[in-house]
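Data block below; observations after.
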């Protein structure tokens, strides 16, 4: 992993990514635990796959969660922007993190 990528993830965790990821894991675990007996198992399998992805996130999932953090806490974006700008040429989907949020567009 590159230093910039590691620094981005460290900063994201510092800004709340770990807590958000843990909350999502607990939410999905709760839904799985309460899944009705005898119900269609296809949805349960989707939930189990989602839980596995949350427990072993890839960079795309982490980027999507960071985007949510930036939208809910606008102070996050300026802190992350320099790292994202350096990483975006190698990881183009990270550019979405720099795109204006719906709140920014509404304020303009």
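Each reported figure results from applying straightforward, stated rules to the coordinates on display, with no laboratory input. Note that this is a predicted model, so its numbers are computed, not measured. Note: ideal-geometry Cβ built from the backbone for every residue, glycine included; neighbour counts use all protein chains shown.
Taking helices (runs of 4 or more DSSP H) as the structural unit, those lying wholly within the stretch 15-80 and holding at least 1 residues that are without any contact (Cβ under 8 Å) to a residue 60 or more places away in the chain and under 17 Å from residue 5 (Cβ atoms) correspond to 17-33, 59-72.
Of the set (1) loosely packed, with under 11 Cβ neighbours inside 10 Å; (2) under 23 Å from residue 93 (Cβ atoms), all apply to residue 37 but (2).
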